Amino acid sequence: MKFGVVVFPGSNCDHDAWYAFSQNLGHPAEMIWHDSPSVGQVDAVILPGGFSYGDYLRCGAIAKFSPVMKAVRKFADDGGLVLGVCNGFQILVESGFLPGALLRNRDLRFVCRDVTLRIETTNSPFTCAATKGQTIRVPVAHGEGCYFADDRTLDQLEAQDRVIVRYLDNPNGSLRDIAGICNEKRNVMGMMPHPERAADALLGSIEGRVILESMVASLVSKAGK
């Protein structure tokens, strides 16, 4: 399995994602520059954390116009797996891949600490290696991570089993403790916490690996059919 990590001006978790897949999990990974017209021959695309274009307008609002996002859109429309982490989640929302918005944190402060997440469903390529109700500790690092959507959208996400992970210790005021969601086709997921930063024992935790390993397991299963 081969993973592509999109690099925007201002990305700062691109190497973290690359390392997690290529070194911790042992699968080929490559960087994809933001002005590339194609994602190349990859099996999954990662939109990493950071501050794309300096967040000068609104988090993810400029990145959505990058040429590579057209390629990511086609890749996702064709059924490819796309994971957006932190700023990547913001980009997916701004680009219309996922509903809702990411607003300033409840206390208007940047939050950087470990949080506890609960896996809400295993019916996704991003959690198929987990167990429902499983809890994991992973880091967050964001100033605009408060997930917001109208009640109708929130009800729909829950009814369709599209809330993938929730906070047990909500750090930012996200409605209904939502930490990550997926699209209707279940092949695009956005989450604010960083699983790639909890994938190496040297960092103190490997609990985030279950998200990344689920993607690998899903791709392997798909390839075997």
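The values are calculated or read from the model by the stated rules, or taken from the named source; none is laboratory data. As the structure is a computational prediction, the values presented were derived from the model and not from experiment. Cβ: placed from backbone, ideal geometry, glycine included. Neighbour counts: every protein chain shown. Keep in mind that these areas ignore ligands, DNA and RNA; they rest on the heavy atoms of the full protein, side chains included. Shrake-Rupley method; radii C 1.70, N 1.55, O 1.52, S 1.80 Å.
Averaging Cα coordinates gives a centre for the stretch 67-101 and one for the stretch 206-225; these two points are 19 Å apart.
Surface exposure of the stretch 13-61, expressed per residue as accessible area with a 1.4 Å probe, stands at 48 Å².
Between the residues His194, Cys182, Val165, the greatest Cα displacement towards the positive end of the dipole of the chain, with unit charges on the Cβ of Lys, Arg, Asp and Glu, is found for Cys182. Here is the list for the stretch 119-152: trypsin sites (Lys or Arg not before Pro) lying in DSSP coil, each with at most 11 other C-beta atoms within 10 angstrom of its C-beta, are Lys132.
For the stretch 170-225, the solvent-accessible area of protein heavy atoms averages 39 Å² per residue (probe radius 1.4 Å; ligands and nucleic acids excluded). The antiparallel fraction among DSSP beta bridges confined to the stretch 1-84 stands at about 10%. Projected label points at Gln134 and Tyr19, each 7 Å from Cα along the beta carbon direction, are separated by 2.3 nanometres. Using just its DSSP H runs of length 4 or more, each adding -39500 (n - 2.57), the chain gives a mean residue ellipticity at 222 nm of -6500 deg cm²/dmol after division by all residues. Roughly what % antiparallel, to the nearest 5, for the DSSP beta bridges in the chain? In the chain, approximately 60 percent of DSSP beta bridges are antiparallel ones.
Treating only the Cβ atoms of Lys and Arg (+1) and Asp and Glu (-1) as charged, compute the dipole magnitude of the stretch 24-182 about its Cα centre; round to the nearest 20 debye.
Result for the stretch 24-182 is approximately 200 debye, rounded to the nearest 20.
Averaged over its residues, the stretch 63-135 has an accessible area of 45 Å² per residue, based on protein heavy atoms and a 1.4 Å probe. Here the accessible area of the stretch 97-225 is 50 percent carbon and sulfur, with a 1.4 angstrom probe and all protein chains present. For the chain, leaving out every one of the chymotrypsin sites (Phe, Trp or Tyr not before Pro) that falls in a DSSP loop and has at most 14 other Cβ atoms within 10 Å, the longest unbroken run is 111-225. Between Leu202 and Glu184, full extension at 0.36 nm per residue minus the direct alpha carbon distance yields a gain of 2.9 nm.
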